[in-house]
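Remarks on the structure that follows.
Just so it is clear, none of the values below were taken in a lab; they were calculated from the coordinates. What you see is a predicted model, and the numbers here were worked out from it, not measured in a lab. Using ideal geometry, Cβ is built from the backbone for each residue, glycine included, and neighbour counts are taken over all protein chains shown.
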Amino acid sequence: VICCYRKPKTKRAKRFLEKREPKINENTKNAMLIKGGNANLTVTEVLKDIYAVKKPFAVLYKRKNITRPFEDQTSLEFFSKKSDCSLFLFGSHNKKRPNNLIIGRMFDYHVLDMIELGVEKFVSLKDIKNSKCPEGTKPMLIFAGDVFDVNEEYRRLKSLLIDFFRGPTVPSIRLAGLEYVLHFTAVDGKIYMRSYKVLLKKSGCKIPRIELEEMGPSLDLVMRRTHLASDDLYKLALKQPKSLKPKKKKNISHDAFGTTYGRIHMQKQDLSKLQTRKMKGLKKRPAEKSVEDGEASPKKLKSA
Amino acid sequence: MAAVRVEAVLAAAEEQEAEKRRSITVEKELELEYDLGNLLAVDRNPPPAAALRGAGPRREALLQALARDNTQLLVSQLWELPAERAGGAGGPLVAQLPEPTFRLPREKPPPKPRPPTRWEQFARLKGIRRKKKTSLVWDEQAKEWRRRWGYRRAGGDPSRAWLAEVPAGADPEEDQFARLRREKRERVARNELNRLRNLARAHRAGSTVPAAPLHPTGHQDRDELRRVARVARVSTASLGRFQPRLPKEPAEPPSRSGGKKRRFEPLLGNLAAERSRQLEMLRDMSSKKPVLDITRAVNKQMRQEEAEAAAANKGKKQSKRGKRGRRQQRPGRSGKKSGARRQPQQQKAAGGGTGG
């Protein structure tokens, strides 16, 4: 199980190591929220709010860490290995890059993608005074804007944001519990992130009418530097093991009209011994039978 | 008069229906793309850039309206999913989400299956399967069910054993307790050594190791040393032909093909050899006795069937076994060696006689 020269001596240690080893179906990704050497109030508040949104799949580090992710990634990788987090959000502030947020993800405890975003405007959870939704709600994610598909950097940013805010993958969801929605709009070189609480109102038919109420953190972001993974590393990270592919059912096919066809493979049949419907008129009469026998026997005599 | 009223009523009903529908319909130029497994919707329509440029509450209102429209569309899609009432009639309405389609990179690379250990290889070859043992054993002395090993095991605590019998052929002066302790220590050490060897083998199998150094390092195993010895023997001026051999080392004939795996006879060469070969082939074809040794073939078949049965049982139990079951690979076909070994001695002589 644990391929290490040191075997775990307790069950607890074994469970701890089993949770961290690579699996076919992976765990939900954890995020670590780190403050840089000179983080100001805005950035700290942003980190705290995002932590509230991502609980319990996030770790908020209290102390300031003096590192520069774009220059040296070793300390980030060390933290990732210690806390088993593959997503990170690093906040810092200086004159050249005010209110800086670096959002990134890891593959195999090495940095895969990193995107630096600048916070231009921030409205915190505390500032908007209304009821909030419970902790740990799976949010609905909506991306508006054609930039998210056209530009390569925006495409990676979209993938990163989905990875970050997605939450655990569930097989079924309570329809009344769809309370939280995160809406990202990319316009004019800016990205507006807004969070709303969803109110389901009665409409005449089964599907309810949606009313939104501004709730949680809202950010106006600007894309600054990026450090994206090379294409082949990204492809390697995207690779899923074969066992996860859905198994195709053999011998079943569908045509354009929706009809399902099946194939049955039969063994070779002896057509003379087929059980068909009995037609009394076609039954062999005794005279015909003797003629057939008479014809069959002379052939036998010849071969011997 | 009545007809007009009926028409009016129908028209009014239709308008009401349309009104209801209007509250949940949203007009969009381009359809959104949905990934319901992730509760994700992507809107490709370019947002009104000019309107959003001006800061302030107007922008917020516009963003909220856009968000409301998109959320309405997403929720409509989610409500279309097959839903059921969880936990009986009174429970909440729960929808079955499909698998997420948006491809996201993994956290860690997928796990590689580890190679089987020496015992696992042997067990697969012989068709040995794991015997399921009960967790509790009946202890006659204590007259109750006790654990097989661990705290309060059946058969009492082995460290408190006050009697150690002297075995038949042993030295009467020897300290039996010391012997038992020493043997346990040796067993534990051997087990640990084998575990580390298996780990090293698995690790080596995974990564490509560079060529072995020609001097002994003390960490090489038998096969590696054999390879290295062969290379050292051949690297003399006469290519190892006059090197003395150790008493038990087998004599290796030099491969005249020079490393090629298949050798073909020249077309026109030894006429006598060709004649004898063809005559022998004709003799075999015309003889009534079978060339195939039946007993050997039957034993080989039995070996194969046993291995397949073991694999089928492993396959059935895979779901219960989980990780361990999935990691064990399919058994390979047993070689000729095991088939020959299995053959009983008297049959071999008879088989040899008839087969010939």
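Descriptive notes on the structure:
- Convex hull (Cα only) mean projected area of chain A, reported in nm² to one decimal: 35.4
- For A:MET215, the amide hydrogen comes within under 5 Å of the amide hydrogens of A:SER195, A:TYR196, A:LYS197, counting only partners 5 or more places away or on other chains and with H modelled in the peptide plane.
- Note, ³J(HN,Hα) from phi for region B:55-71, Karplus 6.51, -1.76, 1.60, rounded to Hz, x at Gly and Pro: 6, x, x, 5, 5, 4, 5, 5, 4, 5, 5, 4, 5, 4, 4, 5, 5
- Taking Cα atoms only, the orientation of helix A:41-54 departs from the longest principal axis of chain A by about 30 degrees.
- On a per residue basis, the convex hull of the C-alpha atoms belonging to the protein assembly as shown measures out at 482 Å³.
- Residue (of B:GLN96, A:PHE88, B:SER159) at the positive-pole extreme of the protein assembly as shown, dipole from beta-carbon charges: B:SER159
- With 20 Å as the limit on Cα-Cα distance, the pairs of A:LYS55/A:LYS202; A:LYS64/A:LYS138; A:LYS54/A:LYS197; A:LYS55/A:LYS197; A:LYS23/B:LYS112 that go past it are A:LYS55/A:LYS202; A:LYS64/A:LYS138.
- 5 angstrom amide H check on A:ALA144, placed H, neighbours 5+ away: A:PHE184, A:THR185, A:ALA186, B:ASP43
- Calculated diffusion of region B:28-187, Stokes-Einstein form, Kirkwood radius summed over Cα pairs, 4 °C and 1.567 mPa s, µm²/s: 51
- Note on the protein assembly as shown: antiparallel DSSP beta bridges, both residues inside, total approximately 75 percent of the bridges counted.
- Chain A: angle of helix A:74-83 to the longest principal axis, Cα-based, in degrees nearest 10: 60
- Chain A: angle of helix A:152-165 to the longest principal axis, Cα-based, in degrees nearest 10: 90
- Restricting region A:48-115 to trypsin sites (Lys or Arg not before Pro) in coil, as DSSP defines it, with at most 10 other Cβ within 10 Å: A:LYS95, A:LYS96
- Look at B:ASP293, A:ASP127, A:ASP146 and count the other Cβ atoms within 10 Å of each Cβ; fewest to most, that gives A:ASP127, A:ASP146, B:ASP293.
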